[in-house]
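Colleague: Here's a structure for you.
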Amino acid sequence: MQVEDFDFHLPEELIAQTPLLDRTASKLLVLNKRTGETSHEKFPQILEELQAGDCLVLNDTRVLPARLIGQKRDTGAKIEFLLLKQGETDEWEVLVKPAKRVKIGTVVEFGDGLLKAECIGESDQGGRKVRFHYEGIFYEILDQLGSMPLPPYIKEQLEDQERYQTVYAKEKGSAAAPTAGLHFTQELLSQIRDKGVEIAYITLHVGLGTFRPVSVEDVDSHEMHSEYYQVSKEEAAKMNKVKENGGRIVAVGTTSTRTLETVANANNGKMIENSGWTSIFIFPGYTFQFVDALLTNFHLPKSTLVMLVSAFSKREFILQAYQEAIDNRYRFFSFGDAMFIHDPQEGTNS
C-alpha cells in the first residue's frame, strides 16, 4: 500500500487557525464504519451517539510550554528548542533550529541564564540530547520561559494557552495536544456520565512523530516514533468490565487508540495496568483488539493518522467522508471539527 493512497486535496483556508470560542460548537461528522453512510451534526450530538454502558476513553496528557527561544553562550546566536522527550534527570531530547549551530558541548541560555542547556549528544533529523542546568523547580521555570508548541500549520498566535489543553489535562509531558479531546467541556462530560457512560483516563505523551511527515513511498516501510504511555490498574479494570458487559470502548483520539491497542495486543485483548513506550503503527489491514468506536479530528493528507482512521473503517469510506467534510466547509486539523466513526449495530442498545 502506497502513501499516495492516502492523499487528498485540502483547500488551505479550511485549516483552522484559531479555536472556536465555545469548545462544543464544532461540527461532527458521523460515519458508519461498516456501510460508509454519513450524517452531519453539531458536536453535542455525541451525547446521543453514545450509549449507556459504553466507556469513553480520554488521554489526560498535558502539553508542556515546550518551545524555548535562547541564545548560544559564545556567539549570542538565536536558537529555538522544542522539548520532545524526557530522559534521565534533567536530560531531554529536543528538536533544535538551526540544528547545525548546536554541537556537542554547545551551551544555550534562556531567560538571561535562568535556564541553561548543554548539548550532550545528537539524534536524527535535527534532534539533540541536552542536560539542563537551573536553580529551583524545572517546570516552574519552563512555565515562565516556555511557550505552547503549536503545530507548524497554525500561523496565528494563541491568546489563551489553555485552549490548546483539554479540560481534563493532568499529566505533564506532551509536545502536542490530543486534539480530539479539545471539544469537550466539563458540563458535557457530566451529561455523558449522567447517561450511564463510563469515563476512563489513560495517558500517552504526544511526541516527535507529530512533527515528522511520512517520508517513504511504501506504507510498510515507515517507522513510527515511540511515545510514553500509562494505564492504571483502576482504569484498566473499568474498561474490562464495560467490555465484559457488552459495552463499547469509545476511544477519543488516535493517541488513546494507539495506547489501548498496544496494551490489548500484548494481553490477549484485555486491559491491564501497564506503562512503557509504544511505536505501534496502525494502517489498513490491522485488526483492532479493543477499540469499538473512535472520535477523532480531521487529519493531514498522507499522515499516519489518516492511515489509522482508514484502518478503523475503510480507506474509501474515510476519503469519501473527508471529501464531504471539505464540500461542507468543515474546519481541519488541531482546532478543527470532529468525526465519530462507529457501527450503530454494535453495543448494548442495538
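The values are calculated or read from the model by the stated rules, or taken from the named source; none is laboratory data. This is a predicted model, so every value here is computed, not measured. Every residue, glycine among them, receives a Cβ derived from its backbone with ideal geometry; neighbour counts consider all protein chains shown. Just the protein is used for accessible areas: all its heavy atoms, side chains included, with ligands, DNA and RNA removed. Shrake-Rupley method; radii C 1.70, N 1.55, O 1.52, S 1.80 Å.
Colleague: Counting only residues that are in a loop (DSSP other than H, G, I, E, B), polar (S, T, N, Q) and over 22 Å from the mean Cα position of the chain (by Cα), how many does the range 17-49 have?
Modeller: 1
Colleague: Starting from residues that are over 22 Å from the mean Cα position of the chain (by Cα) and small (Gly, Ala, Ser), keep the ones in the range 50-92 and report whichever is least open to solvent (accessible area, probe 1.4 Å).
Modeller: My answer is GLY70.
Colleague: For the condition out of contact with any helix residue (DSSP H, G or I) (no Cβ under 8 Å at 6 or more places or on another chain), modelled with pLDDT under 95 and either farther than 30 Å from PHE81 by Cα or not assigned by the TED database to the domain that holds MET307 (or both), what is the one hit in ASP292, ASP220?
Modeller: Result of the check over ASP292, ASP220: ASP220.
To keep it simple, each residue is scored yes or no on (1) crowded, with 23+ Cβ neighbours inside 10 Å; (2) out of contact with any Asp or Glu (no Cβ under 7 Å at 6 or more places or on another chain); (3) outside the structural domain of ALA169 (by the TED database); (4) in a loop (DSSP other than H, G, I, E, B).
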| position | (1), (2), (3), (4) |
| --- | --- |
| SER256 | yes, yes, no, no |
| THR262 | yes, yes, no, no |
| LYS270 | no, yes, no, yes |
| PHE281 | no, yes, no, yes |
| ALA311 | no, yes, no, no |
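Colleague: Quick one: in the range 120-134, which of the residues that are farther than 10 Å from ALA99 by Cβ and in contact with a helix residue (DSSP H, G or I) (Cβ under 7 Å, 6 or more places away or on another chain) is surrounded by the fewest Cβ atoms within 10 Å (Cβ to Cβ)?
Modeller: Of everything passing the filter in the range 120-134, TYR134 is surrounded by the fewest Cβ atoms within 10 Å (Cβ to Cβ).
Colleague: Conditions: (1) open to solvent by less than 60 Å² (accessible area, probe 1.4 Å); (2) out of contact with any Ser or Thr (no Cβ under 6 Å at 6 or more places or on another chain); (3) in the same structural domain as THR179 (by the TED database). GLY347 meets all but one. Number of the miss?
Modeller: (3) is the only condition that GLY347 fails.
Colleague: Does VAL252 qualify as being surrounded by 15 or more Cβ atoms within 10 Å (Cβ to Cβ) and touching a strand residue (DSSP E or B) at 6+ places or on another chain (Cβ under 7 Å)?
Modeller: So VAL252 passes the test.
Colleague: Here's a check for you: in the range 118-154, which residue that is among the polar types (S, T, N, Q) and more than 22 Å from the chain's Cα centre (by Cα) is nearest to PRO65 (Cα to Cα)?
Modeller: It comes out as GLN144.
Colleague: Further question on the same structure: For the condition open to solvent by less than 40 Å² (accessible area, probe 1.4 Å) and in contact (Cβ under 8 Å) with a residue 12 or more places away in the chain, what is the one hit in ARG34, ARG23?
Modeller: ARG23
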